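The values are calculated or read from the model by the stated rules, or taken from the named source; none is laboratory data. None of these values were measured; they are calculated from a predicted model. Note that we place each Cβ from the backbone using ideal geometry, even for glycine, and neighbour counts take in every protein chain shown.
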Amino acid sequence: MKFYKFLVFFILFTLQIEAEDIKNEYKIEMLIYKYDQAITDEEFKTFYEIPNGDHVKFFDNKKNSKNSNFSNIADYIDAVLSKDISNAKKLYPQIWYRDSDELIKLTNLRNNLNKNKNITLLKSKSWIQTIPELKSDRFLIYIDDEENIGFLIKFYKKRFMHVELDAFLKDKKISKYINIKQRVFNEEVYLFDHPFFGVILSIEEI
């Protein structure tokens, strides 16, 4: 992570690009769990369908994924090498999703969930990303076929920071899902609960 920032700062310094042009990065951490004995009178008659769209996947060093949003990095480097400062500013990658399973802020919560006999921890995820100023139609999408879970998430700043999250337990017809659209704050932890499962989300600027 430090290497990425050092490289970017070095390139921008050599091009005399203002520091304000560098978007802040955020560490996002997430826990997804389910209740082993869910008791509810609620009936789930509506179903969730994963929306179509040009969704973004996590950047994986082992795979050359065009959906990682690193797809414009070649154009950016070309602009840097040609010293086209104005174009480099426009092409600077605004949304980087660097996958990392390392938890920092949610470590204790994860340990507590693992100790709870009534709960099964399905997935812990963490990643680093920038957050755009404008709302986009593109979601970060993640689906785990082994645990039969998935989520789509996006952050944006429209005066204040916001998150849109769709998390679900995956089956043929998805009837158990969480749909959240709300304002969020840096350095806060959020719980999104459902009778059958839940999501804990942390956002922290790095």
**Fill in**
Scanning region 174-198 residue by residue, those within 16 Å of Ile131 (Cβ to Cβ) and part of a loop (DSSP other than H, G, I, E, B) turn out to be Val184, Phe185, Asn186, Glu187
**Message:** Restricting to region 157-206, name every residue that is under 16 Å from Trp127 (Cβ atoms) and of a type in the set (Gly, Ala, Ser).
**Reply:** Ala167, Ser202
**Complete:** Per the list (1) assigned to a strand (DSSP E or B); (2) modelled with pLDDT under 80, residue check on Trp96 breaks on (1)
**Request:** Look through region 115-140, keep the residues that are polar (S, T, N, Q), within 16 Å of the chain's Cα centre (by Cα) and part of a strand (DSSP E or B), and return whichever of them is surrounded by the most Cβ atoms within 10 Å (Cβ to Cβ).
**Result:** Gln129
**Message:** Condition check: over 20 Å from the mean Cα position of the chain (by Cα), crowded, with 17+ Cβ neighbours inside 10 Å, hydrophobic (A, V, I, L, M, F, W, C) and modelled with pLDDT under 75. Does Ala74 satisfy that?
**Reply:** no
**Request:** Go through (1) in contact with a strand residue (DSSP E or B) (Cβ under 7 Å, 6 or more places away or on another chain); (2) in a loop (DSSP other than H, G, I, E, B) one by one and return the number of the condition Asp171 breaks.
**Result:** (1)
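Table: residues versus (1) modelled with pLDDT under 85; (2) basic (Lys, Arg); (3) part of a loop (DSSP other than H, G, I, E, B); (4) touching a strand residue (DSSP E or B) at 6+ places or on another chain (Cβ under 6 Å).
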site	(1), (2), (3), (4)
Phe6	yes, no, no, no
Phe9	yes, no, no, no
Gln37	no, no, yes, no
Asp41	yes, no, yes, no
Phe44	yes, no, yes, no
Ile50	no, no, yes, no
Asp54	yes, no, yes, no
Asn61	yes, no, yes, no
Asn64	yes, no, yes, no
**Request:** Return the only residue of Phe151, Phe168, Phe139, Phe155 being touching a Phe, Trp or Tyr at 6+ places or on another chain (Cβ under 8 Å) and modelled with pLDDT under 95.
**Result:** Phe155
**Message:** Quick check on region 141-163. Is at least one of its residues over 28 Å from Phe47 (Cβ atoms) and in a loop (DSSP other than H, G, I, E, B)?
**Reply:** yes
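Every residue, every condition in (1) of a type in the set (Lys, Arg); (2) closer than 17 Å to Glu29 by Cβ; (3) touching a helix residue (DSSP H, G or I) at 6+ places or on another chain (Cβ under 6 Å), yes or no:
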{"residue": "Lys154", "(1), (2), (3)": "yes, yes, no"}
{"residue": "Leu165", "(1), (2), (3)": "no, yes, no"}
{"residue": "Phe168", "(1), (2), (3)": "no, no, no"}
{"residue": "Asn186", "(1), (2), (3)": "no, yes, no"}
**Message:** Here is a check on your reading of the model: is Leu109 in contact (Cβ under 8 Å) with a residue 40 or more places away in the chain and not in a strand (DSSP E or B)?
**Reply:** yes
**Item:** Single residue of Leu31, Leu103, Leu81 found to be buried (at least 17 other Cβ atoms within 10 Å of the Cβ), over 18 Å from Leu140 (Cα atoms), modelled with pLDDT of 55 or more and not small (Gly, Ala, Ser)
**Value:** Leu103
